[in-house]
Amino acid sequence: MKLKTFFTNFGLYILVLLTYFYIFSTIVVFTIGSLTGGFSQLLILPIFVILASLYSFAMWKWYQKDLKLEIKNTKLTSSVWLPSVLLLAFIIFQQLVPIESSANQNAAVELIQQQPAFAFLYMVIFAPILEELLTRGFLAKFLFPDQNSLAKILLYLTVSASFFSLLHMPGNLVQFLVYFILGAIFGLGYLAKKDLRYSMGLHLANNLIAFVLIVFF
């Protein structure tokens with residue numbers, strides 16, 4: 001990638017981040033504030049779904065526009081089942097080996113307990129879609145479009161997983177590694193299938209399992 005193209009694409013990626021942190025975060029804050037302020041869920045939740053859906057659709061169309069990715073088939077990316085198996089194994093591992101909850105996890109538990117309907121829509125539906133666009137799709141589109149070697153694939157997975165982990169505000173190295181591993185698994189799913197919807201599905205499944213465990217166990 002030429003230097004001028006890199007800086008142009010880097011600027012576009014920063015723009016993606018700004019839309020997420022300003023537009024979508026505003027939608028979430030407005031919704032939580034309205035619900036805690038006593039407004040009816042029957043009024044606020046449909047508004048949230050409409051606004052979040054419009055934003056997600058716009059971001060998806062932007063991601064797809066003129067999308068050109070080159071992903072080399074390697075032993076690491078040759079199996080579409082490997083990411084699913086790794087995710088299942090990691091979920092089981094987390095249940096068997098207790099890890100101190102991060103501030104982000106504690107906030108998620110509190111939100112589920114106080115606003116379960118909104119938490120389901122936000123954490124299980126929209127967060128997986130938008131976080132995959134943010135930390136996987138747009139990152140590949142603008143900064144890693146040519147993954148034509150194993151080294152470039154590993155670099156992309158490292159950067160993507162690191163950003164995904166930092167986005168969840170880990171409080172220590174162990175918490176960072178937990179999110180990093182999840183991000184790497186989701187990223188591997190994206191590269192193996194060459195379809196962001198696969199990593200979205202993995203992410204959704206992970207969050208759904210976490211949601212069910214918090215609500216019922």
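Can you pull out the residues in region 192-206 that are polar (S, T, N, Q) and more than 9 Å from the chain's Cα centre (by Cα)?
Going residue by residue through region 192-206, those that are polar (S, T, N, Q) are 199, 206.
Once the filter is applied, which keeps residues that are polar (S, T, N, Q) and more than 9 Å from the chain's Cα centre (by Cα), region 192-206 yields only N206.
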Scan of region 66-120 for residues that are touching a residue at least 60 places away in the same chain (Cβ under 8 Å), aliphatic (A, V, I, L, M) and in a loop (DSSP other than H, G, I, E, B), ordered by number:
L67, L69, L76, V80, I99
Those residues that are small (G, A, S), surrounded by fewer than 16 Cβ atoms within 10 Å (Cβ to Cβ) and assigned to a helix (DSSP H, G or I), I need them from region 7-40; list them, please.
G11, S25, G33
Take region 148-179 and flag every residue that is buried (at least 17 other Cβ atoms within 10 Å of the Cβ) and either acidic (D, E) or more than 21 Å from V16 (Cα to Cα) (or both).
I153, P170, Q175, F176, V178, Y179
Does at least one position in region 167-178 carry a residue that is in a helix (DSSP H, G or I), touching a Lys or Arg at 6+ places or on another chain (Cβ under 9 Å), more than 19 Å from S78 (Cα to Cα) and at pLDDT 95 or above?
no
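Looking at the structure I just gave you, is K141 in contact (Cβ under 8 Å) with a residue 40 or more places away in the chain, of a type in the set (K, R) and surrounded by fewer than 18 Cβ atoms within 10 Å (Cβ to Cβ)? Don't jump to the end; show me each part of the working.
Numbers: in contact (Cβ under 8 Å) with a residue 40 or more places away in the chain: yes; of a type in the set (K, R): yes; surrounded by fewer than 18 Cβ atoms within 10 Å (Cβ to Cβ): no.
So K141 does not fit the description; no.
Pick from region 182-209 the residues that are in contact with a Phe, Trp or Tyr (Cβ under 6 Å, 6 or more places away or on another chain) and of a type outside the set (G, A, S): which of them is nearest to Q64 (Cα to Cα)? Before the answer, list the steps.
So the first thing to find is which residues in region 182-209 are in contact with a Phe, Trp or Tyr (Cβ under 6 Å, 6 or more places away or on another chain), and the list is 183, 189, 196, 199, 202-203.
When the remaining residues are screened for being of a type outside the set (G, A, S), the result is 196, 202-203.
On the way: L196: 10, L202: 20, H203: 19 Å.
Filtering region 182-209 for residues that are in contact with a Phe, Trp or Tyr (Cβ under 6 Å, 6 or more places away or on another chain) and of a type outside the set (G, A, S), the one nearest to Q64 (Cα to Cα) comes out as L196.
The values are calculated or read from the model by the stated rules, or taken from the named source; none is laboratory data. Everything numeric in this text was worked out from a predicted model, so none of it was measured. Don't worry about glycine lacking a Cβ; one is built from the backbone with ideal geometry, like all the others, and counts go over all protein chains shown.
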